[in-house]
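Undergrad: Got a structure for you, written out below as structure tokens; questions coming shortly.
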Amino acid sequence: MANSIVFQQTKQVEAFLQNMVQTLTDYLNETTLSKLLEEQRDGDKAYYQLLLSNLRRLVVYCEEGLDACRIVLSEEPFRKTAAEKTLYRVYHLCVAEYFTPKSDAWYEDSRSAYTGRNSLKFRQTPPPSFKKLLLSLESEFQTIREELEFYETDYRTKAIQSK
């Protein structure tokens, strides 16, 4: 029973990551720094470079997570422990990078959850297309975060207990 739950969650995360990789890659393939500066004439070039850098990092993490999910799902027999580790890493890297990127170009305002508004806040004014993209993905990232929160604590607990 537990194996089937983990298997289904891994399939759900695989579909989510496939969608994220496609959406983010499409945006990055169509967007240049010059294009962002045209959108927002008074924009900060260094900040826009940082935004694009963070988005590229997020795509890489999502691609790695997608590859890991596909490997785990293709193995026979299904290895629950490997799947749990993969789901933990997706939570820790992909979801965390979306809500709180390494460079703090944007951050999550946790109080927004109570207001029904988007929780992402930007350190400076982002280009409209960038802001629209990130905010359009928030509900999907929030759903996956809620699905995988268990692995954040459970995987660490199991790792500590096995020592």
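Undergrad: Failed condition for PHE78, given (1) free of Cβ contacts under 8 Å to residues at least 40 places away in the same chain; (2) open to solvent by less than 90 Å² (accessible area, probe 1.4 Å); (3) not aliphatic (A, V, I, L, M), with all others met?
TA: (1)
Undergrad: Are there any pairs, at least 6 apart or on different chains, whose C-beta atoms fall under 6 Å, with the first in the range 31-55 and β-branched (Val, Ile, Thr) and the second at pLDDT 95 or above and open to solvent by 40 Å² or more (accessible area, probe 1.4 Å), and if so, which?
TA: Once the first residue is β-branched (Val, Ile, Thr) and sits in the range 31-55, no partner that is at pLDDT 95 or above and open to solvent by 40 Å² or more (accessible area, probe 1.4 Å) comes close enough.
Undergrad: Is it the case that some residue within the range 110-119 is open to solvent by less than 50 Å² (accessible area, probe 1.4 Å) and in contact with a helix residue (DSSP H, G or I) (Cβ under 9 Å, 6 or more places away or on another chain)? Explain how you work it out, then say what you get.
TA: Pass one, the range 110-119, residues open to solvent by less than 50 Å² (accessible area, probe 1.4 Å): 112, 119.
The next check asks that each one be in contact with a helix residue (DSSP H, G or I) (Cβ under 9 Å, 6 or more places away or on another chain); those that pass are 119.
Checked the range 110-119: at least one residue is open to solvent by less than 50 Å² (accessible area, probe 1.4 Å) and in contact with a helix residue (DSSP H, G or I) (Cβ under 9 Å, 6 or more places away or on another chain).
Undergrad: Within the range 38-69, count every residue that is open to solvent by less than 60 Å² (accessible area, probe 1.4 Å) and at pLDDT below 95.
TA: 2
Undergrad: Could you check, for the range 17-30, whether at least one of its residues is surrounded by 19 or more Cβ atoms within 10 Å (Cβ to Cβ) and under 18 Å from GLU146 (Cα atoms)?
TA: yes
Undergrad: Right, another one. Are any of the residues in the range 2-11 in contact with a Lys or Arg (Cβ under 6 Å, 6 or more places away or on another chain) and either part of a helix (DSSP H, G or I) or farther than 23 Å from TYR151 by Cβ (or both)?
TA: yes
Undergrad: Checking ARG41 against (1) among the basic types (Lys, Arg); (2) part of a helix (DSSP H, G or I); (3) closer than 11 Å to PRO127 by Cα, which single condition isn't satisfied?
TA: For ARG41, the failing item is (2).
Undergrad: Right, VAL59: of a type in the set (A, V, I, L, M), in contact (Cβ under 8 Å) with a residue 12 or more places away in the chain and over 22 Å from ALA105 (Cβ atoms) or not?
TA: no
The values are calculated or read from the model by the stated rules, or taken from the named source; none is laboratory data. Note that this is a predicted model, so its numbers are computed, not measured. When we count neighbours, we look across all protein chains shown, and the Cβ atoms used for this are built from the backbone with ideal geometry, even at glycine. All accessible areas refer to the heavy atoms of the entire protein, side chains included, with ligands and DNA or RNA removed. Shrake-Rupley method; radii C 1.70, N 1.55, O 1.52, S 1.80 Å.
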